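To start, the structure under review is shown below, and the notes come after it.
The values are calculated or read from the model by the stated rules, or taken from the named source; none is laboratory data. Worth saying up front: this structure is predicted, and the values here are computed from it rather than measured. No Cβ is skipped: glycine too gets one built from the backbone with ideal geometry, and neighbour counts run over all protein chains shown. Surface areas here come from the heavy atoms of the whole protein model, side chains and all, with no ligands, DNA or RNA. Shrake-Rupley method; radii C 1.70, N 1.55, O 1.52, S 1.80 Å.
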Amino acid sequence: MKTQLARIARSLCLAFALGTGGVATAASGDAAEGNLPAQELTPRTLYHFLLAEIAGARGQIGLSAQLYLDLARSTRDPRIARRATEIAMYSRNLVMARGAAEIWMEVAPDSEEARRVLAGLSGAGRAEDINLDAIQFQLARVLAQSNGRLPQNLLSLGHTLARVPDKQAVRSIVMRLTEPYVEVPEAHIARAQAAQAVEDRMGALAAVDRALELRNGWEPAVLLKVQILQQAGAHAEALRVLEAEVARAPASRPLRLAKARALVSAQRFAEARAAFNQLLEASPQDPELLYAVGLLSLQLDDPGAAELHFARALAAGHPQPDLVRLHLGQIAADRGEGESARKWFGEIESEELRPEADIRSALSLARENRIDEARALLQRDIEDPDLARRYLLAETQILRDAERPAEALALLDAALRESPEDTGLLYEAAMLAERLDRMDLLESRLRRVLELQPDHAHALNALGYSLADRGLRLEEAEALIARAHELMPQDPFILDSLGWVRFRRGDHDGALAHLQRAYGMRQDAEIAAHLGEVLWTLGRRDEARRIFADALAAHPDNRLLSDTGRRLGIQ
């Protein structure tokens, strides 16, 4: 019996070491911290050990943690105490984890890891249960007895204290703990991270700069400085820092990658793509770099390059293949290759992306005038109300684009009978009512949106513009649009409405200023029609003709643009 138990024990311990990194693995890490007990593997110990492992394998993590904690108490073995701590933490039972960590600390008093874990767990749980003095004492001991691991232990302070909810208290602790080590760069990184947590970006930058004084060009400090600058919105300064560091260390991949990402944040897309392409030269099969170049190529209106890089990213094993397939499908759809697009969309298995794939497949069918097939793809029984709403709105879009607004409005009316206070559905119904020239219905739906959500900028703008475009209640229309502009001052369509209502009220110069700004932000066909008409009215005929010519070249099928040009005699 003993021989059989020993054989089982050896097999079990070997499997445990290889499969879970548990007791046997822990032994190698703890061996240097003190003498390990000569633990006898009794039948009772083995039985509990087996029960704990089987419980864990079956997903009964709480039971596994409790069994390991009982084993730690009975054996006083640091390896088992460590394992009990890990499993209790995984099960999110912080009380049990603290109990196991305390045993681990008692039986392995020289273990830096035990002290660090216990300090971290002392900061977990309810705020009133946290003993900050005990945490500070434990961490001070860890730092004082680092034995060559001082830099790593200083860098781990933030992670250890992450569960303490009072971030100002954490910062004070970090400042005190690092005071004896102010000539060590890692101490200032710990201070910078603590300052970041309380949103003191100036303090964080000062700490990082001190770390860089102590260790010039230290990449972790440079990258942290860039992160702090970007969080503060100082993208240009972050980019300047990276450009200088890349010039100093041109072979550094982390710095070059950070620079490429900073160029994206600065919306310098062509330079960003060039930077990512340079990185690709060194790592041509890196799926993340290939994906980044694909996205930037789309941004730069280069679908051919985007398709090539997305296909390579997929072949290289991108971690989100369905996201890549979604982009490839959309590129094919935009090219008018509906069958190819739907093939890509059909291969998407992700639950999260499946609805988007269905909707894009339906839109591609609708572009081929296969309206009934498109609608059938979207008409299904869906329990999730938010998802059902997405499919409904996609179906109404298909009917609207197919010049069947009455059917689309009927769909929305049916949905509104079930959800009469859904502002999104009310707004869409109002827009369809405008297409049908149902001003009474448009106004009643938008008024209802504004009753439910007074600061709905798009509803304010839509109601104001609809009144202004028909020459109705212009003073009220301008007040509605002005309120929308206060809420969204950078929206080009609201600026267009503001310009248009000024034009309707006879303020042509005021109208021109708003419309020029709107068109500078977005070369939309409707904004172009309004701007062209104002320029024509002001006698600036050549400018008006140029605006109409450019806009018609870009939007040859836009009805408002064509009708306005004919009415003014420009075409």
Item to complete: Determine, from the Cβ-Cβ distance of residue 543 and residue 563 and an R0 of 35 Å, the FRET efficiency 1/(1 + (r/R0)^6), rounded to the nearest 0.05.
Response: 0.95
Worksheet, complete the sentence: Cα-based Rg then Dmax for region 393-547, in Å, read 16.4, 54
Discussion item. Kirkwood hydrodynamic radius, computed over distinct alpha-carbon pairs, for region 254-365: how many Å, to one decimal?
Written reply: 14.4 Å
Worksheet item: Which length gain, in nm to one decimal place, applies between residue 419 and residue 199 when the Cα-Cα distance is subtracted from 0.36 nm times their residue separation?
Response: 75.0 nm
Worksheet item: With charges set only on the Cβ (+1 for Lys and Arg, -1 for Asp and Glu), what does the dipole of region 189-341 come to about its Cα centre, in debye to the nearest 20?
Response: 580 debye
Discussion item. Principal axis extents for region 444-516, Cα atoms only, whole Å, descending order, please.
Written reply: 36, 26, 13
Discussion item. Quick check for me: using +1 on Lys/Arg Cβ and -1 on Asp/Glu Cβ, what's the dipole size of region 370-484 about its Cα centre, in debye to the nearest 20?
Written reply: 180 debye
Practice prompt. Might you report the magnitude of the Cβ-based charge dipole of region 290-417 about its Cα centre, with Lys and Arg at +1 and Asp and Glu at -1, to the nearest 20 debye?
Written response: 140 debye
Practice prompt. Tell me, rounded to the nearest percent, the portion of alpha carbon pairs in region 363-421 spaced more than 13 Å apart.
Written response: 60 percent
Worksheet entry | Average silhouette area of region 485-571, convex hull of alpha-carbon atoms, in square nanometres | 5.2 nm²
Worksheet item: What FRET efficiency comes out for the pair residue 249/residue 163, r = Cβ-Cβ distance, R0 = 25 Å, nearest 0.05?
Response: 0.10
Discussion item. At 1.4 Å probe radius, can you tell me the per residue accessible area of region 372-529 in Å²?
Written reply: 49 Å²
Practice prompt. Under 15 Å Cα to Cα from residue 225, which aspartates and glutamates show up? Leave out anything in the same chain fewer than 8 places away.
Written response: 186, 199, 200, 209, 213, 237, 243, 245
Item to complete: Of the options 319, 330, 278, report the single residue whose Cα projects farthest towards the positive end of the charge dipole of region 257-349 (beta-carbon charges: Lys, Arg +1; Asp, Glu -1).
Response: 278
Fill in: Label-point separation in nm, residue 369 to residue 265, each point 7 Å along Cα→Cβ
5.1 nm
Worksheet item: How much length is gained on full extension from residue 488 to residue 281, taking 0.36 nm per residue of separation minus their Cα-Cα distance?
Response: 70.2 nm
Item to complete: Can you give me the P(r) profile for region 300-447? Cα pairs, bins 5 angstrom wide beginning at 0, each as a whole percent.
Response: 2, 10, 17, 17, 16, 13, 12, 7, 5, 2, 0, 0
Worksheet, complete the sentence: Computed over all unlike Cα pairs, the Kirkwood hydrodynamic radius of region 191-232 in Å stands at 9.9 Å
Practice prompt. Sorted from largest down, give the three principal axis spans of the alpha carbons of region 213-306, whole angstrom values.
Written response: 48, 28, 18
Item to complete: Give me the distance between the Cα centres of region 441-479 and region 204-277, rounded to whole Å.
Response: 46 Å
Response to the item:
The ³J(HN,Hα) series, computed from each phi in region 68-75 with the Karplus coefficients 6.51, -1.76 and 1.60 at θ = phi - 60°, rounded to the nearest Hz and given as x for glycine or proline, is 5, 5, 4, 5, 4, 5, 7, 8
Worksheet item: For residue 508 and residue 343, what is the calculated FRET efficiency with R₀ set at 45 Å and r taken between the beta-carbons, to the nearest 0.05?
Response: 0.25
Worksheet item: Based on the Cα gyration tensor of region 148-242, what are the three equivalent ellipsoid semi-axes, each the root of five times an eigenvalue, rounded to whole Å and given largest first?
Response: 21, 17, 10
